1. Would you mind listing the strands (runs of 3 or more DSSP E) fully within the stretch 172-277 where at least 2 residues are within 16 Å of the ligand (Cβ to nearest atom)?
2. Among the residues of the stretch 218-259, which ones are polar (S, T, N, Q), under 30 Å from ALA191 (Cβ atoms) and in contact with a Leu (Cβ under 6 Å, 6 or more places away or on another chain)?
3. Looking at (1) surrounded by fewer than 16 Cβ atoms within 10 Å (Cβ to Cβ); (2) assigned to a helix (DSSP H, G or I); (3) away from the ligand (no atom under 16 Å from the Cβ), which one does VAL284 not meet, given that it meets all the others?
4. Would you confirm whether any residue within the stretch 242-256 is surrounded by 20 or more Cβ atoms within 10 Å (Cβ to Cβ) and at pLDDT 95 or above?
5. Does the stretch 284-303 hold any residues that are in contact (Cβ under 8 Å) with a residue 12 or more places away in the chain and of a type outside the set (Gly, Ala, Ser), and which are they?
6. Would you confirm whether or not the stretch 71-91 contains a residue that is surrounded by 17 or more Cβ atoms within 10 Å (Cβ to Cβ), touching a Cys at 6+ places or on another chain (Cβ under 9 Å) and assigned to a loop (DSSP other than H, G, I, E, B)?
7. Give the stretch 92-110 a look and list any residue that's under 26 Å from TRP31 (Cβ atoms) and not in a loop (DSSP other than H, G, I, E, B), or say none.
8. Looking at (1) surrounded by fewer than 22 Cβ atoms within 10 Å (Cβ to Cβ); (2) within 24 Å of GLY180 (Cβ to Cβ), find the lone condition where GLU290 falls short.
Amino acid sequence: MSDAILTLNAGSSSIKLAIFDLAPDGRLSSWRRGDLRETGDVQRFRLRDADGAGIADETWNVTGFEASLSRLTTRIGNELAGRRLAGIGHRVVHGGAGHRMPERVTPDLLDMLEELAELAPLHVPHNLAPIRAIARDQPDIPQVVCFDTAFHRTMMPVARRFALPRSYEARGIRRYGFHGLSYEYIARQLAALSPRIHAGRVIVAHLGSGASMCAMRGGTSVDTTMGFTALDGLVMGTRCGTLDPGALLHVMRQDGLDVDAMERLLYTRSGLLGMSGISNDMQVLLESRETAASEAIDVFVYRIVREVGALASVLGGLDALVFTAGIGENSPEIRERTCGQLGWLGLDLDAAANRRGAAVISTPESRVEVRVIATDEEAMIAEHVRDLPMLAGDPVQPAGPNR
Ligand code: AMP
């Protein structure tokens, strides 16, 4: 019987999953990818093979998280026939100041992470729910949590600190940064593709529904555009990015909005969707002829250009710019518009290479190399599960119902 590793990435209305084959020599290969999404009153489960071909597209009439998860684990169990699950890896958005590396799940760790949920109340409870349920129902399967904040543990205190009274920092109110699993994956890819670039000064632009950038030196994080929450920095699909906190106070006061209403505004009604009034989807906006759509894209690109300048000055120059995630990997237009404003850095885009989606899209003369690298957070999680010293089959204490 061969071994496999399952990764789960649980959000508010969907669970993304991937199954990797684990060879005896430790090599991982992607075998299945899929997701379970809430659409109206039903759940839609989709599964693809390693080449992206559809294997299943099912509608499930189940309501409630527990029932959906139970059906999902049964479905995955059937799919795994002939394979033994050596471990399950989970993406957890926030690890706070104390959790800086992937960790094996224990009841104590779960309790600690539960307390941290108040740092990211919109994400962490969703991340933790399947971990708790699996620990209860299948305690023999080792589980590992991988934190999106962990990659940024190398950020210096000066980059972490807010200019608030010191007592706030002691309470954990500081910059953490996110998209860490994506950045870690890109850093590993760079090390393999170009050790010289990996050793140098690199900005990675993770441009998807969520968007951020990371300044790296020698493959480690020096600074990033997201801060205490995943709301800060670049313009996103529905999130506002950097905002003057004074504007927030003003709107709350003028419109009488409470914290929950403000949270909904900033997380779900702003960004590309809010500015365009059309869509949060970049592809839709690029195809639209509406002025509001092109104005939203203008702001999206402008903020990237501005942040590249800031991060390049933090790095003391720039050797490479890497585009990744949905927009970064797939939109020559956004890459071209961004790079077109970065000539002052000595960056020279090869327009033809960019249009055809080449791996390197800068000219040989460009002082800054520009690359496109597909990210794979699931592969990074699977690597962490594989690399964590633990014996598959070690019993993990089940969490009690009130833990
Ligand atoms: P992600 O969150 O990484 O899946 O990225 C989702 C974003 O990528 C959405 O805004 C999509 O519109 C965008 N995207 C995907 N493909 C393209 C494309 N070919 N051109 C422009 N944007 C794209």
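1. Filter on the stretch 172-277 gives 201-207, 211-217.
2. Correct list: THR225 only.
3. Of (1) surrounded by fewer than 16 Cβ atoms within 10 Å (Cβ to Cβ); (2) assigned to a helix (DSSP H, G or I); (3) away from the ligand (no atom under 16 Å from the Cβ), only one is false for VAL284: (3).
4. So far as the stretch 242-256 goes, no, none of its residues is surrounded by 20 or more Cβ atoms within 10 Å (Cβ to Cβ) and at pLDDT 95 or above.
5. Answer for the stretch 284-303, where residues must be in contact (Cβ under 8 Å) with a residue 12 or more places away in the chain and of a type outside the set (Gly, Ala, Ser): LEU285, LEU286, GLU290, GLU295, ILE297, VAL299, PHE300, VAL301, ARG303.
6. no
7. Matches in the stretch 92-110: VAL92, GLU103, ARG104.
8. Checking GLU290 against (1) surrounded by fewer than 22 Cβ atoms within 10 Å (Cβ to Cβ); (2) within 24 Å of GLY180 (Cβ to Cβ), the one that fails is (2).
The values are calculated or read from the model by the stated rules, or taken from the named source; none is laboratory data. For clarity, every value in this text was computed on a predicted model and none was experimentally measured. No Cβ is skipped: glycine too gets one built from the backbone with ideal geometry, and neighbour counts run over all protein chains shown.
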